[in-house]
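Each remark here refers to the structure printed beneath this line.
The values are calculated or read from the model by the stated rules, or taken from the named source; none is laboratory data. This structure is a prediction, so every number in the text was calculated from the model and none was measured. FYI the Cβ positions are ideal-geometry reconstructions off the backbone, even for glycines, and counts take in every protein chain you see. Only protein heavy atoms, including side chains, enter the accessible area calculation; ligands, DNA and RNA are left aside. Shrake-Rupley method; radii C 1.70, N 1.55, O 1.52, S 1.80 Å.
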Amino acid sequence: LPCVSSSSSSSSSSSPVPVSVSLHVTAITSKSEAAAFQPFGQVVWPEEDGTPYEVPLYDASLDLSAGQPRFYMMRIPPRGLEMDRITYHADVTQCLASMQDSTWHLVVAEPSDLSKPPTAEQLHAFAFKGGCIVKLNKGTWHAGPLFDGEDEIAFYNLELADTNTVDHNTHIYEDEVYTLHT
């Protein structure tokens with residue numbers, strides 16, 4: 001659960017200093033731990049070739065019906081383990097997977113309207129390692145991939161061709177900054 005810490009300091013500027021909010025990170029490192037992510041989507045792990053189709057245990061349940069699917073690779077620079085904004089896509093499920101064996105994080109919250117962004121109590125932070133696919137349900141709020149380090153990480157991304165232009169709904173937290181604690 002998030003806990004508010006009092007790490008705001010006085011400043012000579014007139015703008016208020018954001019309150020630092022700590023988010024505990026839940027690591028998802030195996031199929032047996034993936035149930036913790038179910039309110040927000042699915043975590044898919046490798047299966048033997050020929051495994052029958054079985055949602056939600058092994059396969060991602062996708063909804064790409066609102067447009068042309070786009071499956072691409074994206075390079076993301078290290079952004080650290082802080083966030084001050086969160087986004088959702090109302091029209092599509094989204095899949096993310098690291099191409100490297102690196103630890104990366106997502107902050108997520110269950111779907112809600114843009115006029116009712118998630119509060120600190122509704123935010124959940126997760127850590128993943130390469131070797132799994134993270135599927136976000138339609139409307140799931142998310143920030144990330146977030147990670148520390150010096151090098152960028154390449155990710156597979158499956159969404160719609162126009163997701164980043166017509167279905168990118170973002171809320172910026174003006175009074176808080178969220179920090180992940182592993």
*Looking at ALA127, HIS24, GLN94, which one has the Cα that reaches farthest to the positive end of the dipole of the chain (charges on Cβ: Lys, Arg +1; Asp, Glu -1)?*
HIS24
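Taking N as the number of residues in the stretch 100-149, what is its Cα Rg relative to 2.2 N^0.38 Å?
Numbers: Rg = 12.1 Å, N = 50, 2.2 N^0.38 = 9.7 Å.
Rg over 2.2 N^0.38 Å, computed on Cα atoms: 1.24.
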*asked:* Leaving out ligands and nucleic acids, and using a 1.4 Å probe, what accessible area per residue does the chain come to in Å²?
replied: 55 Å²
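Given a Förster distance of 30 Å, report the FRET efficiency between ILE172 and LEU62 from their Cβ-Cβ distance, rounded to the nearest 0.05. Please report the intermediate quantities before stating the final value.
Values: r = 29 Å, r/R0 = 0.96.
Result of the calculation: an efficiency of 0.55.
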*Tell me, what % of the accessible area of the stretch 24-182 is carbon and sulfur with a 1.4 angstrom probe?*
49 percent
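Which is the longest part of the chain that has none of the GluC sites (Glu not before Pro) sitting in a DSSP loop with at most 12 other Cβ atoms within 10 Å? Please report the intermediate quantities before stating the final value.
On the way: sites that count: GLU48, GLU54, GLU150, GLU174.
So the longest stretch without any such site is 55-149.
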_Derived scalar couplings ³J(HN,Hα) [the stretch 112-126; Karplus, 6.51 cos²θ - 1.76 cosθ + 1.60; whole Hz; x for Gly, Pro]_ = 7, 6, 4, 6, 10, x, x, 8, 4, 5, 9, 8, 9, 10, 10
*Could you pull out every residue, at least 5 positions away or on a different chain, whose amide H is within less than 5 Å of the one on THR26? Hs are placed 1.01 Å off N in the peptide plane, and Pro or chain starts have none.*
ALA125, PHE126, ALA127
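Percentage of Cα-Cα pair distances in the stretch 71-182 greater than 16 Å, rounded to whole percent? Let's see the in-between values first.
Numbers: 3634 of 6216 pairs.
Beyond 16 Å sits 58 percent of the P(r) for the stretch 71-182.
Using a Förster distance of 35 angstrom, determine the FRET efficiency expected from the C-beta separation of PHE71 and THR119, and round it to 0.05. Walk me through the numbers before you get to the answer.
Values: r = 33 Å, r/R0 = 0.96.
The value I calculate is 0.55.
Helix-only mean residue ellipticity at 222 nm, the chain, DSSP H runs n ≥ 4 weighted -39,500 (n - 2.57), per residue, nearest 500. What is it?
When only DSSP H runs of four or more count, the value is -500 deg cm²/dmol.
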*Cross-link partners among lysines for LYS138, C-alpha distance below 17 Å, same-chain residues fewer than 8 apart left out?*
LYS116
